[in-house]
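Asks: Here it is, the structure, as structure tokens.
Laboratory data are not the source of any read-out in this text; all were calculated from the coordinates shown. Fair warning: this is a prediction, and the values are worked out from it, not measured in the lab. Please note: Cβ atoms are built from the backbone with ideal geometry, for glycine as well, and neighbour counts cover all protein chains shown.
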Amino acid sequence: MTKANQQIILASRPKGMPTDENFRMIEQPVPQANEGEVLIRTLYLSVDPYMRGRMNDRKSYIPPFQINEVVTGGVVGEVIESNDPDFKEGDIVLGTLGWQKYSVAKGKHVRKINTDIAPITTSLGVLGMPGLTAYFGLLDIGQPKAGETVVVSGAAGAVGMVVGQIAKIKGCRVVGIAGSGEKNKYLVDDLGFDAAINYKTTSNLKTALAEACPNGVDIYFDNVGGSISDAVMSLLNNKARIPLCGQIALYNLEKVDTGPRIQSQLLVTSSLMKGYIVSDYSDRFGEGISQLAEWVSEGRLKYKENIVEGLENTVNAFLGLFTGENLGKQLVKVADPSLSK
């Protein structure tokens, strides 16, 4: 084993769009696992839009990253040393760990992955946080009914494409909004969306949405906020539901955004808008993973992964989330398993 543990730390807080200068790669000794702990070799790590909010020094639903500390997120790794009787060398585990080659964690803070169900990468995507976010947001807040129209912004992302497919499973008309012709073609041709709109090339998004949603919008799954969401609001049907999942269009703004006040639209349509965090449903994760895995095994739920190789490319992969470079779940491959069969 190498004696060096490469790590990516937050070097400074971004102002607006993050840059390479906000991060720094350092080397530290490989940590030691104490009693009740496991030493984990990183195989894949996840980069996600929500991480941008944690780079700001302000109160949120999760504490901010600290300057000169390792950035953390979802990681799939291999146990290479165990001082916890519930784990053995070669176990593949999932946890919130660092952007680094090796991590130490208490056994109770990671969970084993069943490698027989699906590729291990899915535990960071369709069978992980993004899939669960889509599952609970759409089904618990959106409550789709057959024949309703569902609009999904950020539809070609890890959450959005799962939302659209679950809505189709429930018998809905599904309209996706994404930022390239390639992405929209994938949504319609491969995932079965009924229509898809390229917000970057459409001259009038509100008109395009009205054409794609002739019966109005019953559910708007909001991943992006901003002007895209403003355009959807005018099409809400009576008692529409809006799961508020993300606001990626606003994450890098340096000033508070001001847009149309939507309260009157919600009022006159008796619509529900509810923000949520996937951890709100932590006691039901087993249910969600079981159902998502069933749909995947049946071929009713497809997934797409965009994987870059090398820990040194993690920052670029993260920054690409904000310029629309990824189709599906963005992952970084750090290593192959060395002990697992």
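Asks: Straight distance only, please: which lysines reach the Cα of residue 112 with their own Cα at less than 18 Å, same-chain residues fewer than 8 apart left out?
Replies: Counting by Cα, and skipping residues close in sequence, residue 112 has these lysines nearby: 88, 341.
Asks: Could you list the GluC sites (Glu not before Pro) in segment 296-333 that lie in coil according to DSSP, counting only those with at most 16 other Cβ atoms within 10 Å of their Cβ?
Replies: Counting only loop positions with at most 16 other Cβ atoms within 10 Å, the GluC sites (Glu not before Pro) in segment 296-333 are 298, 325.
Asks: Quick check on packing: order 168-178, 116-126 by the mean number of other C-beta atoms within 10 Å, highest mean leading.
Replies: 168-178, 116-126
Asks: Sticking with this structure for a sec: Once the Cα atoms of helix 158-169 and of the chain are each reduced to a long axis, what angle between those two axes, in degrees from 0 to 90 to the nearest 10, is obtained?
Replies: Tilt relative to the chain: about 50 degrees.
Asks: Compare the Cα positions of 95, 164, 125 along the charge dipole of segment 91-233 (+1 at Cβ of Lys, Arg; -1 at Cβ of Asp, Glu; about the Cα centre) and return the one farthest towards the positive end.
Replies: 95
Asks: While we're on this one: Using θ = phi - 60° and the Karplus form 6.51 cos²θ - 1.76 cosθ + 1.60, what ³J(HN,Hα) does each residue of segment 182-197 get, whole Hz, x for Gly and Pro?
Replies: 4, 5, 5, 5, 5, 4, 7, 6, 9, 9, x, 4, 6, 7, 8, 10
Asks: Sort 316-322, 43-49 by packing, meaning the average of other beta carbons within 10 Å per residue, with the highest value first.
Replies: 43-49, 316-322
Asks: Could you work out how far helix 285-297 tilts from the main Cα principal axis of the chain, as a 0 to 90 degree angle to the nearest 10?
Replies: Helix 285-297 sits at roughly 80 degrees to that axis.
Asks: Where the only charges are on Cβ atoms (+1 Lys, Arg; -1 Asp, Glu), what is the dipole of the chain about its Cα centre, to the nearest 20 debye?
Replies: Here the chain has a charge dipole of around 760 debye.
Asks: Right, another one. For residue 5, which sequence-distant residues (separation of 5 or more, or a different chain) have an amide H within less than 5 Å of its own amide H, given hydrogens modelled in the peptide plane?
Replies: 28, 30
Asks: In debye to the nearest 20, how big a dipole does segment 1-104 give about its Cα centre with +1 on each Lys and Arg Cβ and -1 on each Asp and Glu Cβ?
Replies: 640 debye
Asks: Can I ask one more? Which of 180, 331, 264 sits closest to the plus end of the dipole of the chain, meaning its Cα is farthest towards the positive end, when Lys and Arg get +1 and Asp and Glu get -1 on the C-beta?
Replies: In the chain, that residue is 264.
Asks: Run the reach check for residue 170 against lysines, Cα to Cα strictly under 30 Å, same-chain hits fewer than 8 apart removed. What comes back?
Replies: 145, 183, 185, 200, 206, 239, 274, 302, 304, 329
Asks: Where a ≥ b ≥ c are the square roots of the eigenvalues of the C-alpha gyration tensor, would you call segment 1-145 rounded, which needs a/c under 1.5, or, failing that, prolate if a/b is larger than b/c, or oblate?
Replies: Since a/c reaches 1.5 but b/c is at least a/b, the shape of segment 1-145 is classed as oblate.
Asks: More than 28 angstrom separation, counting every C-alpha pair in the chain; what % is that?
Replies: In whole percent, the long-distance tail amounts to 43.
Asks: How large is the dipole of segment 80-149 about the Cα centre if only Lys and Arg carry +1 and Asp and Glu carry -1, each at its Cβ, rounded to the nearest 20 debye?
Replies: 120 debye
Asks: Specify which residue in the list 144, 208, 109 is farthest towards the positive end of the charge dipole of the chain, using unit charges on the beta carbon of Lys, Arg (+1) and Asp, Glu (-1), about the Cα centre.
Replies: Value computed over the given set: 208.
Asks: Let me ask something additional. By the gyration tensor of its Cα atoms, with a ≥ b ≥ c the square roots of the eigenvalues, what is the shape of segment 257-335: rounded for a/c under 1.5, prolate for a/b over b/c, or oblate?
Replies: The shape class here is oblate.
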